[in-house]
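Participant: The structure follows.
Just so it is clear, none of the values below were taken in a lab; they were calculated from the coordinates. Quick caveat: nothing in here was measured; it's all calculated off a predicted structure. All Cβ positions, even for glycine, are placed from backbone atoms using ideal geometry, and neighbour counts span all protein chains on display.
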Amino acid sequence: MLFTNRSLRFLSIAKCTLFLSTALFISISVTPVFAQQDVSCYHCHTQVVNQFRNNIHYQMGFNCADCHGGQEEPNTSVISANVMSGNFIGKPTRDNITNICSKCHVREASDYKQSIHWEQIKKGHPEAATCTDCHGIHEIRAIKDPKSPSNHQNSPATCAKCHSNKEMMSAWYYGIKTDRMDTYKESFHWKALRNGYNVVATCADCHNNHITKSHNDPTSSTYTENLPKTCGKENCHQGTKFDAKIAAGLVHDKESIHTGELVFNKTNMNPLMKPYYLGPFDLAYWIALFFKILTMGVIGLFTGMVVLDFLSRFKLQKRW
């Protein structure tokens, strides 16, 4: 039996309707589960789960139970309604965060447990930096992600959250100066970083990221005798020859502490200041002053030459 044009149009419309209905049914029945991923957690922790969707762990197939524990239904990717049973740990204590991360990040956790941050946590200072302080909690992003707090461009600000906190860094507590970010901002490293130059030192490059140690620790990358090696490592000042005294200098230098005052007795001088002095002169002050005068002099000279050239051209044009 031959179909009329009208019948064919009807069949085509019916097929399209059936196709669209099937697609709509699939999207309605499947999408919410995928979007929410974990119905039981999403129901109460909507904001947290939404943050977790930006997490690199989520993108790699991890879910809430991988860090928080709990039951999972067999043969499904959705945590059961009985999530708060079994080995569920809820919010981990700060001294246990590293142990959770170490299940996957073995080497990083091993390095961190040699750091001064971990040492402070074990001494009873739970607010000392742990994994989540530097990498984020639920919205952990890849280091190359510009929104990651541990991204190269963002790491100084991440460190400054603690190291610029006067209450946390007070002398009676840790005894660490809170001007570390301010002094870093006076360095060439910061100025280059601020202008988008990535191959330049930030906090982690000098202090190491996971294995950060006190500058008084002989195994620290910022220990006086180790500074030439730290500054001369690959992608930094590789091949540069300088001794430990010069490398030490005032790493977190502040221009305002240098003066033109002549110092003849250096007995009680800060050891870090001594490399700057040649005789009674603070070289940091006089060299900086010399280059300021030189820079302004060169700019003034060329500005004067441009003005004179303009005037001579103007007079010649007027004459002819």
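Participant: Determine which lysines satisfy two conditions relative to K103: a Cα distance under 30 Å, and not lying fewer than 8 residues away in the same chain.
Facilitator: Counting by Cα, and skipping residues close in sequence, K103 has these lysines nearby: K91, K113, K122, K123, K144, K147, K161, K213.
Participant: Another question about this same structure. Spin-label point model (7 Å from Cα, Cβ direction): what's the N96 to H237 distance in nm?
Facilitator: 4.6
Participant: Next up: Determine which residues of region 180-196 fall in the zone a paramagnetic label at K292 would reach in this model, i.e. backbone nitrogen under 12 Å from the point 7 Å along Cα→Cβ.
Facilitator: Flagged as within label range: none.
Participant: Just to verify a number: FRET efficiency for N154 and K266, C-beta to C-beta distance, R0 = 51 Å, to 0.05?
Facilitator: With R0 = 51 Å, the Cβ-Cβ based efficiency is 0.80.
Participant: Using the Kirkwood formula on the Cα atoms of region 50-201, what hydrodynamic radius do you get, in angstrom to one decimal?
Facilitator: Roughly 17.7 Å, rounded to one decimal.
Participant: Please list the non-local residues whose amide H lies under 5 Å from the amide H of I140, H modeled 1.01 Å from N, same-chain partners needing a gap of 5 or more.
Facilitator: I56
Participant: Calculate, in nm to one decimal, what V307 and K191 gain on full extension: separation in residues at 0.36 nm each, minus their alpha carbon distance. List each step's numbers first, then the result.
Facilitator: Numbers: separation 116, 0.36 × 116 = 41.76 nm, distance 3.16 nm.
That pair, V307 and K191, stretches by 38.6 nm at full extension.
Participant: Sort region 193-236 into rounded, prolate or oblate with this rule: let a ≥ b ≥ c be the square roots of the eigenvalues of the Cα gyration tensor; rounded if a/c is under 1.5, and if a/c is not under 1.5, prolate when a/b is larger than b/c, oblate otherwise.
Facilitator: Taking the square roots of the gyration eigenvalues as a ≥ b ≥ c, region 193-236 is prolate.
Participant: Y277's amide H: which non-local residues (gap 5+, or another chain) put their own amide H closer than 5 Å, with H modeled 1.01 Å from N in plane and none for Pro or chain starts?
Facilitator: L283
Participant: Return, for the Cα atoms of region 258-304, the radius of gyration and Dmax in Å, separated by a comma.
Facilitator: Answer for region 258-304, Rg first and Dmax second: 14.5, 48 Å.
Participant: What shape does region 126-252 take by its C-alpha gyration tensor, where a ≥ b ≥ c are the square roots of the eigenvalues and a/c under 1.5 counts as rounded, a/b above b/c as prolate, and the rest as oblate?
Facilitator: Note, shape of region 126-252 comes out oblate.
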